[in-house]
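Data block below; observations after.
The values are calculated or read from the model by the stated rules, or taken from the named source; none is laboratory data. Note that this is a predicted model, so its numbers are computed, not measured. So basically every Cβ, Gly included, is an ideal-geometry build from the backbone, and we count neighbours across all protein chains shown. Heavy atoms of the whole protein, side chains included, go into the accessibility calculation; ligands, DNA and RNA do not. Shrake-Rupley method; radii C 1.70, N 1.55, O 1.52, S 1.80 Å.
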Amino acid sequence: DAEITQSPRHKITETGRQVTLACHQTWNHNNMFWYRQDLGHGLRLIHYSYGVQDTNKGEVSDGYSVSRSNTEDLPLTLESAASSQTSVYFCASSVGQSGTGELFFGEGSRLTVL
Amino acid sequence: KNEVEQSPQNLTAQEGEFITINCSYSVGISALHWLQQHPGGGIVSLFMLSSGKKKHGRLIATINIQEKHSSLHITASHPRDSAVYICAVGGYQKVTFGTGTKLQVIP
């Protein structure tokens, strides 16, 4: 069965360190998204990609970067982790761009920045 | 005011009860999504709809485009339905998520 997987599922790091969260999907979807989920907020878009070599900033992109070298993977990098980036991160993919296709989510990655 | 508002924020029901969760939005949309998130778990898509009504098992989703309102109904609720239900609206180049409705179904 096609799926979308995230790793690591849990990570604790220190302020200032670089962290990369992996996202791998076997749906062959062109569109991939990274969201963060915090109490009191809905899911907020960090970065998104509509295909290989395409990346775009979302509403909360400061301090994050992504790259898309193939269809399956969209790794999210925190260049210098900050305590404000403690959150649960979800990767998603879809057939349609933005909100026009069914969304498939990974299991989430819980990141704690000390 | 948030672009997507859900009500109630928290809901406790007895097993077997009929449950309704509401979603109002203030932006133009291409599609509306209902998602389910179990505690500590991932997020699963329940419905995507742009008009009318969809049904899957005990779950029913409706949308009224003119009133910018959608409802998610659960018939014959069960403790395994306990989860956070999230409404999301898809528009031009973005999806906006509500903050979710936490449902607890008590046996």
When residues of segment B:53-87 are limited to those that are touching a residue at least 40 places away in the same chain (Cβ under 8 Å), away from chain A (no Cβ under 13 Å) and of a type in the set (Val, Ile, Thr), the one farthest from residue B:11 (Cα to Cα): B:75
Every residue from segment B:1-52 that is within 11 Å of chain A (Cβ to nearest Cβ), open to solvent by 60 Å² or more (accessible area, probe 1.4 Å), closer than 17 Å to residue A:39 by Cα and part of a strand (DSSP E or B): B:5
Any hit, segment A:84-105, residues being more than 9 Å from every other protein chain (Cβ to nearest Cβ), in contact with a Leu (Cβ under 9 Å, 6 or more places away or on another chain) and assigned to a loop (DSSP other than H, G, I, E, B): yes
Where residue A:68 falls short, out of the listed (1) at pLDDT 95 or above; (2) among the charged types (D, E, K, R); (3) out of contact with any Gly (no Cβ under 9 Å at 6 or more places or on another chain): (3)
Residue within segment A:61-76 that is in contact with a His (Cβ under 6 Å, 6 or more places away or on another chain), at the interface with chain B (Cβ under 9 Å from one of its Cβ atoms), crowded, with 16+ Cβ neighbours inside 10 Å and free of Cβ contacts under 8 Å to residues at least 40 places away in the same chain present: no
